[in-house]
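Asks: Pasting in a structure now, in structure tokens, and then I'll have a few things to ask.
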Amino acid sequence: MIKRLFPPKTGNKRALISIAHADDLVLFAGGTVITLVNANWEVAVIRATDDRWDSFGLTEQETIRRNKREFDSAMDAIGITTVYELNLPTDLLGDASEVELRKEYIKVIREFKPYLIIGFDPDSFLYEDNQDHRLVAVAMAEASWAAGFDKHPNAGLKKLEPHLPVANWYFGREVAEPTHYFDVTPVFSKAVETACEHKTMLINMARQIDIKATTAKMQSDITSQVEKSPKKFAHQIMKVSRIKKVKGVEFAEIFRVIDSANLIRNLQQGKRY
């Protein structure tokens, strides 16, 4: 039985969102992030790739430019002002070094000092075919504990002290073992509107559906519909990605939660294990 998730009660109201691509935040955890911002959390985002191939009919440079512009607009709409861009080439992280990416994440964790990290679930590989998502998931999961080791990179040389988040909320296409859900019904409309900022990526997503329809000898013209108005399409794909197992909740985002807060409290109180 999964439990309802709420913004943590803490004096450190900082959350770091780890994503591979520009639209990942809104599509996987948009309602949750909007709720955190509304609750006066300071939210930073680290985007691994430049999304140079995520478009239809555009050059790579124009694709990078548009996706960056649309990503910035989406973050502005949510109220996120701190963004870390790694600018790695998209769809090629399968050949990238997990250790090198982990170094970058350790650096960001130590600079931003979050209480909470939200990102891809490193244990949901059974349901994930995107190598960018996989590497980002593993690298950030390791960075979440390695950032507390003073022998790991980016500590002594750049004078960045070790720092550890208390909680990790993992999302995915299909979370293998979900533990919690976040009710995003009150902010779902805003999440959809924010997703519409990623028009270039939505058009490319629609194009993939049209290509599959051609393969199946079916009629489909979703691409032109999204080019005219992306809102209906964004609503449909976001609704599909929300769980429907929570009674009385219209729209929910699901997570596998790792949280050390109770462990810390129990140890402070001298409880034995």
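Read-outs: derived from the displayed coordinates by stated rules, not from any lab. Bear in mind that the values here come from a model prediction, so they are computed numbers and not experimental data. Here Cβ is always computed from backbone atoms with ideal geometry, including for glycine, and neighbour counts include all displayed protein chains.
Asks: Distance in nm between label sites at F125 and K159, each 7 Å beyond Cα in the beta-carbon direction?
Replies: 4.0 nm
Asks: So, one more: Can you tell me the order of 209-221, 228-240 when each peptide is scored by its average per-residue count of other Cβ atoms within 10 angstrom, highest first?
Replies: 228-240, 209-221
Asks: Next question. Using a 10 angstrom cutoff on alpha carbons, build the Gaussian network for the chain and name the most mobile of T82, T59, T179.
Replies: Residue with maximal mean-square fluctuation among T82, T59, T179: T59.
Asks: Given a Förster distance of 51 Å, report the FRET efficiency between F149 and E227 from their Cβ-Cβ distance, rounded to the nearest 0.05. Don't skip to the answer; put the middle values down first.
Replies: Numbers: r = 49 Å, r/R0 = 0.96.
Efficiency, from the Cβ-Cβ distance: 0.55.
Asks: Using Cα positions and a limit of under 20 Å, work out the lysines in reach of K159, with same-chain residues fewer than 8 apart set aside.
Replies: Partners within reach: K103, K107, K113, K151.
Asks: Per residue of the range 108-117, what does 6.51 cos²θ - 1.76 cosθ + 1.60 with θ = phi - 60° give for ³J(HN,Hα)? Whole Hz please, x for Gly and Pro, Karplus curve as stated.
Replies: 5, 4, 6, 6, 7, 6, x, 7, 10, 10
Asks: Using the per-residue mean of other Cβ atoms lying within 10 Å as a proxy for protection, in what order, highest first, do the peptides 256-263, 47-54, 142-149, 29-36 fall? Before the final figure, lay out the partial values.
Replies: Working: 256-263: 14.5, 47-54: 23.5, 142-149: 19.2, 29-36: 25.2.
So the order, starting with the most tightly packed, is 29-36, 47-54, 142-149, 256-263.
Asks: Okay, moving on. What FRET efficiency comes out for E111 versus T185 if R0 is 35 angstrom and r is the Cβ-Cβ distance? Round to the nearest 0.05. Before the final figure, lay out each step's value.
Replies: Working: r = 34 Å, r/R0 = 0.98.
Efficiency at R0 = 35 Å is approximately 0.55.
Asks: Just to check I understand the Karplus step: with θ = phi - 60° and J = 6.51 cos²θ - 1.76 cosθ + 1.60, what whole-Hz values come out for the range 188-197, glycine and proline as x?
Replies: Along the range 188-197, the couplings run 4, 4, 5, 4, 5, 4, 5, 4, 5, 5 Hz.
Asks: If I model a spin label as a point 7 Å beyond the Cα along the Cα-Cβ vector, how far apart are those points for I211 and R69 in nm?
Replies: Between I211 and R69, the label points sit 2.4 nm apart.
Asks: For the range 128-176, what class follows from the C-alpha gyration tensor (a ≥ b ≥ c being the square roots of its eigenvalues): rounded when a/c is under 1.5, otherwise prolate if a/b is larger than b/c, else oblate?
Replies: Here the range 128-176 falls in the prolate category.
Asks: Suppose R0 equals 30 Å. What FRET efficiency, 1/(1 + (r/R0)^6) with r the Cβ-Cβ distance, do N40 and E85 give to the nearest 0.05? Each step should come with its number before you reach the end.
Replies: Working: r = 25 Å, r/R0 = 0.83.
With R0 = 30 Å, the Cβ-Cβ based efficiency is 0.75.
Asks: Under a 5 Å amide H to amide H cut-off, with H placed in plane at 1.01 Å, what residues pair with T82 once short-range neighbours are removed?
Replies: V45
Asks: Report, in degrees rounded to the nearest 10, the 0 to 90 angle that the Cα long axis of helix 231-240 makes with the longest principal axis of the chain.
Replies: 50 degrees
Asks: For E177 and V240 in the same chain, what is the full-extension length gain: residue separation times 0.36 nm, less their Cα-Cα distance, in nm?
Replies: Working: separation 63, 0.36 × 63 = 22.68 nm, distance 1.85 nm.
Extending this stretch completely gives an extra 20.8 nm.
Asks: At 0.890 mPa s and 25 °C, plugging the Kirkwood radius over alpha-carbon pairs of the chain into Stokes-Einstein gives what diffusion coefficient in µm²/s?
Replies: 126 µm²/s
Asks: On to the next question. Rank T49, Q219, Y105 by how far each Cα sits towards the positive end of the charge dipole of the chain (+1 on Lys, Arg Cβ; -1 on Asp, Glu Cβ) and give me just the farthest.
Replies: Y105
Asks: Sort 91-98, 18-25 for me by packing, meaning the mean count of neighbouring Cβ atoms within 10 Å per residue, highest on top.
Replies: Put in order of decreasing packing, that is 18-25, 91-98.
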